[in-house]
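The structure appears right after this line, and notes come after that.
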Amino acid sequence: EGSAGIGKTRLLAEARAIAGSAGMRVLAARGGEFESEFAYGIVRQLFEPLLASVAPDLRAELLSGPAALIEPLFGARQLAASEDAPAEGSFAILHGLYWLAANVAFDQPTLLAIDDLHWADTPSLQWLLYLTRRLEGVPLLVAAGARPPEGEGRNPTLVAELIADPEAAVIRPEPLGRASIAVLARELHGLGPDEAFCAALETATGGNPLFIGAVLDAVAREGTSPTAEHVPRLLEIGARGVSRIVGLRLTRLPKEALALLRAASILGDGTELRHAAALAGVEASELGPAAATLVRLDLLRREDPLEFFHPVVRSAVYETLDVVERDAAHRSAAELLLQAGAPPESAAGHLLRVA
């Protein structure tokens, strides 16, 4: 469990490699934001490739006993099209899928590896809850990666229930420190960073491995020396490195949240929420949900005063504004701050950026 980019997918990949080398069968699935409404999407990802590739006699064995109940789910005739089909999420389907997983595991010890569990469809999550409470005596391991339940997701309550299971071992990766940043820079990018550069990169990215990798890649491609003299340019370089990652998140934001985030990138950390709202033109009724969304998605660390989770993210958001938009926004910010009685130098900083 962890925020976006903290290393969950890599940990699952290592788990799959270890399981495969130990002779286990590995079945994998990944949740998707735009697939979360498809019933049993995760279940299908896990079992369809296996059932389609095994010999007919083994397929019949895997779908024997109570598992026969759900054979139409993996055939040409879908459950939803059958008048006699059990209701979606019913005990009959959950029980049949449990026995399919058990039959697969008794044939060969098995790992079910599920990434982005927070985007899983509700019926698949209901089945996972049913399954994980009945694993004793079954040579089956379930490993999943998910963002915290209070973040993005299709059904955070079910994900939270899975994580809270007393039999679950929860791993929460921590941000990377300077020593780890130096190792990544040397071994993956052929760079020789000094202490000041590593410290600045840790501060700019909050130790997020995804952002660190993107910034180091940008530094390597530009041929910039990772030393103290180039620390002042780190946010500029970093913004280009993480722009694609941040840009994807921005496309998913509600209109009010995006406007508030862009206003925050103009005004900077420590700005009062009311000032950012005024600059963004966000109505008071929309302000609370918009700010809460940005905190939940790890774009802002806190709502009032505003503070970005990673300085490099603020720079990347700022770079999404074109020259004309920035000019107008800085002029409006100066006027707004002066009208609010802020010190003249706070407005002067914005006026210096106006053509």
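Can you name the residue in the range 59-85 that is open to solvent by 80 Å² or more (accessible area, probe 1.4 Å) and of a type in the set (A, V, I, L, M) and, of all such residues, is modelled with the lowest pLDDT?
ALA81
Is it the case that the range 36-58 has a residue that's surrounded by 16 or more Cβ atoms within 10 Å (Cβ to Cβ), of a type outside the set (Val, Ile, Thr) and at pLDDT below 90?
yes
Given (1) modelled with pLDDT under 90; (2) under 33 Å from the mean Cα position of the chain (by Cα), where does HIS330 come up short, assuming only one miss?
(1)
With respect to ASP269, is the statement that it is within 18 Å of PHE211 (Cβ to Cβ), charged (D, E, K, R) and touching a residue at least 12 places away in the same chain (Cβ under 8 Å) true?
Judged against the criteria, ASP269 is a match.
Could you check the range 9-60 and list, in sequence order, the residues that are part of a helix (DSSP H, G or I) and more than 24 Å from ASP107 (Cα to Cα)?
Within the range 9-60, THR9, ARG10, LEU11, GLU33, PHE34, GLU35 meet the criteria.
Scanning the range 115-134 for residues that are open to solvent by less than 40 Å² (accessible area, probe 1.4 Å) and in a loop (DSSP other than H, G, I, E, B), which turns out farthest from GLY32 (Cα to Cα)?
Applying the filter and picking the extreme gives ASP121.
Here are some conditions: (1) of a type outside the set (D, E, K, R); (2) farther than 22 Å from ASP298 by Cα; (3) open to solvent by less than 50 Å² (accessible area, probe 1.4 Å). ILE163 meets all but one. Which one does it not meet?
Failed condition: (2).
Which of the numbered conditions does ALA290 fail, given that it passes all the others? Conditions: (1) crowded, with 24+ Cβ neighbours inside 10 Å; (2) within 17 Å of PRO209 (Cα to Cα).
Only one criterion in (1) crowded, with 24+ Cβ neighbours inside 10 Å; (2) within 17 Å of PRO209 (Cα to Cα) is unmet by ALA290, namely (2).
Restricting attention to helices (runs of 4 or more DSSP H) lying wholly within the range 157-267, give those where 1 or more residues are more than 25 Å from LEU11 (Cβ to Cβ).
195-205, 209-222, 234-251, 255-267
Six or more apart or on different chains, Cβ atoms under 8 Å: show the pairs whose first residue is in the range 62-82 and farther than 12 Å from ILE93 by Cβ and whose second is among the β-branched types (Val, Ile, Thr) and modelled with pLDDT of 70 or more.
As it stands, the answer is LEU62/VAL54; LEU62/VAL104; LEU63/ILE70, since those pairs meet every condition given.
So, in the range 209-235, exactly how many residues are open to solvent by 60 Å² or more (accessible area, probe 1.4 Å) and touching a helix residue (DSSP H, G or I) at 6+ places or on another chain (Cβ under 7 Å)?
4
Go over the candidates ALA185, ALA179 one by one and state the one that is open to solvent by less than 30 Å² (accessible area, probe 1.4 Å) and closer than 30 Å to ASP217 by Cα.
ALA185
Could you list, in sequence order, the residues of the range 1-28 that are open to solvent by less than 40 Å² (accessible area, probe 1.4 Å), in contact with a Leu (Cβ under 6 Å, 6 or more places away or on another chain) and at pLDDT 95 or above?
Of everything in the range 1-28, those that are open to solvent by less than 40 Å² (accessible area, probe 1.4 Å), in contact with a Leu (Cβ under 6 Å, 6 or more places away or on another chain) and at pLDDT 95 or above turn out to be ALA19, LEU27.
Looking only at the range 245-276, count every residue that is within 15 Å of ALA334 (Cα to Cα), open to solvent by 10 Å² or more (accessible area, probe 1.4 Å) and touching a helix residue (DSSP H, G or I) at 6+ places or on another chain (Cβ under 9 Å) and tell me the total.
So the answer is 4.
The values are calculated or read from the model by the stated rules, or taken from the named source; none is laboratory data. This is a predicted model, so every value here is computed, not measured. Counting neighbours? That spans all protein chains shown, and the Cβs are built from the backbone with ideal geometry, glycine included. When the accessible area is computed, the model is the full protein with side chains, heavy atoms only, and any ligands, DNA or RNA have been set aside. Shrake-Rupley method; radii C 1.70, N 1.55, O 1.52, S 1.80 Å.
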